[in-house]
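**Student:** Here it is: the structure, laid out below.
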Amino acid sequence: MDRFVFLTFDGLSRGAVYSAFALALVLIWRGARIVNFAQGAMAIATVYAAYSVTSATGSYWLGFGAALLCGLALGAVVERGVMRFVGHASPLNAVIVALGLVLVIQAVLGMLYGNEYRPAEAPFSRTAFTVGGLAFLSRYDLFVFAAVVVLMVGLALLFTRTPVGLRLRAAAFAPEVSRLLGVNVAGMRTLAWALASAVGALAAMLIVPTGLGLHPTSMDLVFVTAFTAAVVGGLESPLGAVAGGLAVGLLLSYVSGYAGAEMSPVAVLLLLLAVLLVRPSGLFSTVAARRV
């Protein structure tokens, strides 16, 4: 029983950070109809920016703010300088360009910072609270959960309760009609990329201190796991991204705890295949979203 409780809370903690990164993928999909395969590399670049600011000032929170601002700027630059010129005749065009961007970003980070792993400290204690000999969540886990909840609610309100969110969705689903109605489609896509990159920066800032370490390739496996979470929950649903992230986190924790860490990737793959076979658009997708 003690082991199950520990694995459950460990899985929820891991799943929360996957949820945050899955939200970034959902955001760029809803705003630009693109799965950004460079999201992980862009996110770790913002963490390096935070590392530089924190090293220079001694303040974690200044570095945290710098990461978010760097994410906004990097997303806008990537969209305006690279993705805007990619042809959309085939979905593979954006995928290939994004993968090339991954190589460029990781190479630049390696040249600037080196390829050794650097430790990343958390702003709060990662020692779990214990009640009756059972380990529960730590202060840092609670901070992560709070950040993910605020992020999910903010994105849900953005897309369902604000004119900007409506324009973002319209520009993604029907760009030509949106232009005729006066929507600045190019500007909306830039905004979508900037917001998604900032959310990715937040997710990276949350997950790197959990033992991942700071390295140009640190977010590669995280991207694969978060992409699975986003597909499981549904790329249209912020709530689905969070639920998918928590489900994947629990699955990884249980499988690695009872069957061994080497079985974790197989379990994630089987979950992804099962969802794609039963409900390809995700568990939290709606009929209306599929018909748009």
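The values are calculated or read from the model by the stated rules, or taken from the named source; none is laboratory data. The structure presented is a predicted model; accordingly, all values stated were derived computationally and were not measured. Using ideal geometry, Cβ is built from the backbone for each residue, glycine included, and neighbour counts are taken over all protein chains shown. Heavy atoms of the whole protein, side chains included, go into the accessibility calculation; ligands, DNA and RNA do not. Shrake-Rupley method; radii C 1.70, N 1.55, O 1.52, S 1.80 Å.
Quick grid of which residues meet (1) closer than 30 Å to Ala186 by Cβ; (2) surrounded by fewer than 24 Cβ atoms within 10 Å (Cβ to Cβ):
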site	(1), (2)
Phe6	no, yes
Leu27	yes, no
Arg33	yes, yes
Thr54	no, yes
Gly58	no, yes
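**Student:** So which helices (runs of 4 or more DSSP H) are wholly in the stretch 141-248 and hold at least 2 residues that are more than 19 Å from the chain's Cα centre (by Cα)? Write out each step before concluding.
**Tutor:** Values: elements: 163-173, 175-180, 185-207, 220-233.
The qualifying helices (runs of 4 or more DSSP H) are 163-173, 175-180, 185-207.
**Student:** Working carefully through the options Leu62, Leu69, find the one that is over 14 Å from Ala194 (Cβ atoms), surrounded by fewer than 20 Cβ atoms within 10 Å (Cβ to Cβ) and not small (Gly, Ala, Ser).
**Tutor:** Selected residue: Leu62, the only one of Leu62, Leu69 that is over 14 Å from Ala194 (Cβ atoms), surrounded by fewer than 20 Cβ atoms within 10 Å (Cβ to Cβ) and not small (Gly, Ala, Ser).
**Student:** Now for a separate question. So Ala49 passes all but one of these: (1) under 29 Å from Phe173 (Cβ atoms); (2) open to solvent by less than 70 Å² (accessible area, probe 1.4 Å). Which condition number does it fail?
**Tutor:** (1)
**Student:** Taking the conditions exactly as written (within 26 Å of Leu168 (Cα to Cα), touching a helix residue (DSSP H, G or I) at 6+ places or on another chain (Cβ under 6 Å), at pLDDT 90 or above and open to solvent by 10 Å² or more (accessible area, probe 1.4 Å)), does Ala204 satisfy them or not?
**Tutor:** Judged against the criteria, Ala204 is not a match.
**Student:** In the list Gly31, Gly87, which residue meets the criterion of being touching a helix residue (DSSP H, G or I) at 6+ places or on another chain (Cβ under 9 Å), without any contact (Cβ under 8 Å) to a residue 40 or more places away in the chain and within 27 Å of Ala170 (Cα to Cα)?
**Tutor:** Gly87
**Student:** Just need a number here: residues in the stretch 102-146 that are open to solvent by less than 30 Å² (accessible area, probe 1.4 Å), modelled with pLDDT of 90 or more and aliphatic (A, V, I, L, M).
**Tutor:** Count: 3.
**Student:** Identify the residue in the stretch 256-282 that is of a type in the set (Gly, Ala, Ser), within 19 Å of Thr8 (Cα to Cα) and part of a helix (DSSP H, G or I) and, among all such residues, is modelled with the lowest pLDDT.
**Tutor:** My answer is Ala261.
**Student:** Related question: Are there any pairs, at least 6 apart or on different chains, whose C-beta atoms fall under 8 Å, with the first in the stretch 170-199 and touching a residue at least 40 places away in the same chain (Cβ under 8 Å) and the second crowded, with 21+ Cβ neighbours inside 10 Å and among the polar types (S, T, N, Q), and if so, which?
**Tutor:** Listed pairs, sorted by first residue: Trp193/Asn36; Ala196/Asn36; Ala196/Gln39; Ser197/Gln39; Ser197/Thr46.
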